[in-house]
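Undergrad: Just passing along the structure, written as structure tokens.
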Amino acid sequence: MIQVPMRPPAENEIRVLYSFPHKLGGGRICTTAWQQVNGLAAAGANVLVCPGAVAVAVSPGIRVRPTLAWGRFRIPYKLIGSMRAFALHDFIVSRRIEKLVGQIDIIHAWPLGSLRTLKVAARLGIPTVLERPNANTRSFYEVVQKECDRLGVDRIPPGKSILFVGTGR
């Protein structure tokens, strides 16, 4: 396997390892992750992204080390199942960060493929950020409809935004 070390940081540059267990740039949250990776680089971060696979190329200067793809060969998530694919991704990233100690300032990880990575990072003293995406659209609308029913509201007027404030109940 080809090792891609982090380059030495410029003054005040943060070195980010971005772990994403899905196909970077593939749609929905995969597009969100792609935007975040490019945004980090645009803000001046030294970025190493470890996605499961890549659907859309990232900005120049961002190093990419997929976990479930080697060249044109890709392990299909359906072949081994999504949860096994996410666990394999997590295992591979956790092993990589052990070899990158002193070359990473922070790790940005996503749910489903990060438990082992977060534990290794904690053991090594590397700060982490765990992405907490919101509910998918269908779940959101179901929750909103239940709340509208509870409040006796027929519907939300078109073009109006919804803001829920937790009551602790």
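Derivation of every value follows stated rules applied to the coordinates shown; laboratory data play no part. If you're wondering where the values come from, they're calculated on a predicted model, not measured in any experiment. Cβ coordinates were reconstructed from backbone atoms using ideal geometry, including for glycine residues, and neighbour counts include every protein chain displayed.
Undergrad: Only Cα pairs under 8 Å and at least 6 apart count here; give the relative contact order of region 15-130 as a rounded whole percent.
TA: So the answer I get is 28 percent.
Undergrad: Tell me, Cys50, Cys30 in order of fewest to most beta-carbon neighbours within 10 Å?
TA: Cys30, Cys50
Undergrad: For Lys146, go through the aspartates and glutamates and keep the ones whose alpha-carbon is under 16 Å away, minus same-chain ones fewer than eight residues off.
TA: Asp154
Undergrad: Kindly put Val58, Val144, Val153 in sequence by how many other C-beta atoms sit within 10 Å of each C-beta, fewest to most.
TA: Val153, Val144, Val58
Undergrad: Sticking with this one: Taking region 37-84 on its own, what percent of its Cα-Cα pair distances exceed 18 Å?
TA: Roughly 38 percent, rounded to a whole number.
Undergrad: Name the long-range amide H neighbours of Ile106: under 5 Å, sequence gap of 5 or more, or other chain; modelled H, no Pro or chain starts.
TA: Arg15, Leu17
Undergrad: At what distance in nm do the modelled label points of Gln145 and Ile14 sit from each other, each positioned 7 Å from its Cα along Cα→Cβ?
TA: Roughly 4.0 nm, to one decimal.
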